[in-house]
Amino acid sequence: MGEESEPEWRYHAAIAAILILDALVIGLSPRGPWDDTSFSRGAIGLLGTSLAYIAWYRATFKRKGLIPWLDLWEDPARSAKIEMVIAALVLALAWAAGSPLQPHLPDPTGLLLTLAGLLIALQSAYVMLSIGPLKED
């Protein structure tokens, strides 16, 4: 077998940026069979966020996949702390999206950001525990 080349991530990032921009700013979305443009905007934003994650994963780890296994991390202790700070920021953004910014965003925005923030915090806690008290010798 030949050498594996680095997977392309730029297309994912470009499409993600367009979809997220549309969901947050432009608002161009079909009514769909559910007769609700805000649901379509949310689905477009969720698809854009998913593509942004795939682009980040491919650019960061230089491989295809979705799960950032612990052995792929260069400095898990430092990265887990940064990840926990990001989780706190996402949760603060979720609060803002669900309270003062609610009239300007699709209804489930705060809920989806809360889910993302809690998943980031869970990943960070897993890494901290795996390299700390639960570390195998």
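Taking the Kirkwood radius as the inverse of the mean 1/r across Cα pairs, report the Rg/Rh of the chain. Could the numbers behind the result be given before it?
Working: Rg = 17.6 Å, Rh = 16.8 Å.
Across the chain, the Cα-based Rg/Rh ratio is 1.05.
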#### Entry: Overall dimensions of segment 17-96 by Cα: Rg and Dmax, Å
16.1, 48
### Task
In debye, nearest 20, what is the charge dipole magnitude of segment 1-66 about its Cα centre with +1 on Lys and Arg Cβ and -1 on Asp and Glu Cβ, if you could check?
100
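Given a Förster distance of 41 Å, report the FRET efficiency between HIS104 and TRP69 from their Cβ-Cβ distance, rounded to the nearest 0.05. Each step should come with its number before you reach the end.
On the way: r = 38 Å, r/R0 = 0.93.
That pair, HIS104 with TRP69, gives E of 0.60.
Using only DSSP helix segments of four residues or longer, with each worth -39500 (n - 2.57), what per-residue ellipticity at 222 nm results for the chain after dividing by its residue count and rounding to 500?
Details: 4 runs with 83 residues, N = 137.
Rounded to the nearest 500, it is -21000 deg cm²/dmol.
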### Task
Treat every Asp and Glu Cβ in the chain as -1 and every Lys and Arg Cβ as +1, leave all other atoms uncharged, and give the resulting dipole magnitude about the Cα centre to the nearest 20 debye.
240
### Query
Name the trypsin sites (Lys or Arg not before Pro) in segment 1-74 that are in a loop by DSSP and that have at most 16 other C-beta atoms within 10 Å, would you?
ARG31, LYS62, ARG63, LYS64
### Message
Would you report the distance distribution of C-alpha pairs in segment 69-137 as whole percents per 5 angstrom bin, up to the bin with the largest distance?
### Response
4, 18, 22, 17, 12, 10, 8, 6, 2, 1, 0
### Query
Given segment 15-62 reduced to its alpha-carbon atoms as identical point scatterers, what log10 I(q)/I(0) does the Debye formula return at q = 0.21, 0.22, 0.25, 0.31 Å⁻¹?
-0.65, -0.69, -0.80, -1.02
## Note on the structure
Rounded to whole angstrom, the alpha-carbon centroid of segment 82-129 lies from that of segment 28-50 at a distance of 20
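Values quoted throughout were computed directly from the atomic coordinates according to the rules given, and no laboratory measurement underlies them. Since the model is a prediction, treat every value here as computed from it, not as a measurement. As a convention, Cβ positions derive from the backbone with ideal geometry for all residues, glycine included, and neighbour counts pool all protein chains shown.
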